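Report on one structure; see the data block that follows.
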Amino acid sequence: MRIQRQNLIKSDKDYRFAIIGTGPAGFYMAKNMLKNVDKCRIDLFDRNPHPFGLIRTGVAPDHQAMKKIENDFSTVLADDKTEFFGNVW
């Protein structure tokens, strides 16, 4: 028996989500929501003026494999359904 992929939310309404924190957990959540919810807008909030959390500030420059994750997260920000708000407390 094969399980078919289904959207997590099935509706013709537009949904708006807010994600607090733009570290890895916030971006993985946003990426999955963009993939599974057809009509959604996502606002990403962070107290830092820049996104990506510790991936940007806490990973040493010689760990290039971890830095590649930043490129993956950049595709989430490039989507017209997402907006980033930095320096928000």
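Values quoted throughout were computed directly from the atomic coordinates according to the rules given, and no laboratory measurement underlies them. Quick caveat: nothing in here was measured; it's all calculated off a predicted structure.
What to note about this one:
- Entry note, segment 13-54: relative contact order of 56 percent, from Cα contacts under 8 Å with a spacing of 6+ residues.
- Within straight-line cross-link reach of Lys39, aspartates and glutamates at Cα separation under 19 Å, skipping those fewer than 8 residues along the same chain: Asp12, Asp14, Asp79, Asp80, Glu83
- Partners for Lys68 among lysines (Cα-Cα distance below 22 Å; same-chain residues under 8 apart left out): Lys31, Lys35
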